[in-house]
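First up is the structure itself, then whatever we jot down about it.
The values are calculated or read from the model by the stated rules, or taken from the named source; none is laboratory data. Since we're looking at a predicted model, the values are computed, not measured. We place every Cβ from the backbone using ideal geometry, glycine too, and count neighbours over all the protein chains shown. Surface areas here come from the heavy atoms of the whole protein model, side chains and all, with no ligands, DNA or RNA. Shrake-Rupley method; radii C 1.70, N 1.55, O 1.52, S 1.80 Å.
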Amino acid sequence: MNPKITRMANQIAMFMESKPEAEGIEGLSSHINDFWEPRMRRQFFQLIDAGGEGLRPLVIKASEKIRRPDPA
């Protein structure tokens with residue numbers, strides 16, 4: 001898939017893992033919703049839809065709160 005998207009999402013997760021889980025999920029999903037353009041979020045959801053291989057557990061949990069962009 002896209003190793004850059006995996007790396008970026010996991011970097012955010014590693015920072016957020018120092019917080020209580022609910023706060024980490026909220027922080028991670030808010031960051032991606034606020035700062036990732038739709039193209040990046042499409043690539044992210046391609047990873048999620050393919051099973052999320054390589055993504056940290058917090059990323060998988062936060063994906064439920066991330067806005068899925070319209071198809072390109």
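Structure summary
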{"read-out": "Qualifying positions in region 13-27 - of a type in the set (A, V, I, L, M, F, W, C) and surrounded by 15 or more Cβ atoms within 10 Å (Cβ to Cβ)", "value": "13, 16, 25"}
{"read-out": "Close pairs from region 1-21: first under 15 Å from residue 60 (Cβ atoms) and of a type in the set (Val, Ile, Thr), partner at pLDDT 95 or above and open to solvent by 40 Å² or more (accessible area, probe 1.4 Å), Cβ under 6 Å, at least 6 apart", "value": "5/43; 6/54; 12/31"}
{"read-out": "Region 28-62, residues that are over 13 Å from residue 6 (Cα atoms), surrounded by fewer than 16 Cβ atoms within 10 Å (Cβ to Cβ) and not charged (D, E, K, R)", "value": "30, 33, 35, 38"}
{"read-out": "Subset of region 36-65 (residues that are in contact (Cβ under 8 Å) with a residue 40 or more places away in the chain and touching a Gly at 6+ places or on another chain (Cβ under 9 Å))", "value": "47, 58, 59, 61, 62"}
{"read-out": "Filtered residues of region 11-43 (kept if over 25 Å from residue 71 (Cβ atoms) and not acidic (Asp, Glu))", "value": "11, 13, 14, 15, 16, 18, 19, 20, 22, 24, 25, 27"}
